[in-house]
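Engineer: Have a look at this one.
The values are calculated or read from the model by the stated rules, or taken from the named source; none is laboratory data. Owing to the predicted nature of the structure, the values given are computational and were not obtained by experimental measurement. Neighbour counts are summed over all protein chains in view; Cβ atoms, including those assigned to glycine, are modelled from backbone coordinates with ideal geometry. Protein only, heavy atoms only, side chains kept; ligands, DNA and RNA dropped before computing areas. Shrake-Rupley method; radii C 1.70, N 1.55, O 1.52, S 1.80 Å.
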Protein chains: 2
Amino acid sequence: MLVLITYDVNTQTAAGVRRLARVAKICTNYGQRVQNSVFECIVDQTQYVMLKKQLKDIIDVDKDSVRYYVMGEKYKSKVEHIGVQRAFDVTAPLII
Amino acid sequence: MLVLITYDVNTQTAAGVRRLARVAKICTNYGQRVQNSVFECIVDQTQYVMLKKQLKDIIDVDKDSVRYYVMGEKYKSKVEHIGVQRAFDVTAPLII
């Protein structure tokens, strides 16, 4: 299923800058970055639970915010984009 | 229905800073800001078409990015949040 992850990490401190990098790194393990603080992750339930735990362990709940939006299996018709494209559709066939 | 809007606006120019403010203002007309560049908007189909047109007229498609995620009517169970809360649930009963 597709889970959209959006986050705001407070980067006013060096620790915040490190948290931001670690959050992005963890999300990269599960999916693709589509905007600066937005990732689209294809995960099953087990991976989703693990992902949430890993992010919870990283962020400062008093300063940062992470939001999860479960888009389900049939998500392609639910997503639209205009403007510059940041990444490619990881599930799309790779045409060489 | 709930539509999630995420955007990246290039603010390296004064024009970009103005575009960012206008994008946020338009989104505020339709819903609530839940993170810096993330809005949750409750719209019907007609409003959704108008919203997309208004944003398309504002952004620079060569520099900015707007993504729309249609969450549908039954969205509450599909949304999770950890960390600081930015806004309130506009559809929740206001308890005074």
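Engineer: Is there a simple number for the mean count of other chain Cβ atoms within 10 Å of the Cβ of residues in B:66-75, and what is it?
Structural biologist: 5
Engineer: Then there's this: Enumerate the lysines that B:Lys52 could reach by cross-link, defined here as Cα to Cα under 28 Å, with residues fewer than 8 away along the same chain left out.
Structural biologist: By straight Cα distance, B:Lys52 reaches A:Lys74, A:Lys76, A:Lys78, B:Lys25, B:Lys63, B:Lys74, B:Lys76, B:Lys78.
Engineer: So, one more: Would you mind checking which residues have amide H under 5 Å from A:Met71's amide H? H placed 1.01 Å from N; only 5 or more apart, or other chain.
Structural biologist: For A:Met71, the qualifying residues are A:Leu2, A:Val3, A:Leu4.
Engineer: With every protein chain kept in place and ligands, DNA and RNA left out, what is the accessible area per residue of segment B:40-86? Probe 1.4 Å, answer in Å².
Structural biologist: Numbers: 2710 Å² over 47 residues.
Here the residues of segment B:40-86 average 58 Å² of exposed surface.
Engineer: B:Val84 label points, 7 Å along Cα→Cβ, one per copy: pairwise distances from this copy to the rest in nm, shortest first?
Structural biologist: Inter-copy label distances (nm, one decimal, shortest first): 2.7.
Engineer: For segment B:2-72, report the convex hull volume of the alpha-carbon atoms normalised per residue, in Å³, without decimals. Each step should come with its number before you reach the end.
Structural biologist: Working: hull volume 5.0 nm³, N = 71.
Hull volume normalised by residue count: 71 Å³.
Engineer: Answer rounded, prolate or oblate for the protein assembly as shown, using the Cα gyration tensor with square roots of eigenvalues a ≥ b ≥ c: rounded when a/c is under 1.5, else prolate when a/b is larger than b/c, else oblate.
Structural biologist: Rounded.
Engineer: Measuring label to label, 7 Å along Cα→Cβ, what does A:Val49 give against each other copy in nm, shortest first?
Structural biologist: Here the equivalent label points are 4.5 nm apart from this one.
Engineer: Roughly speaking, to the nearest percent, how much of chain B's 1.4 Å accessible area is carbon and sulfur?
Structural biologist: With neighbouring chains kept in place, the figure for chain B is 56 percent.
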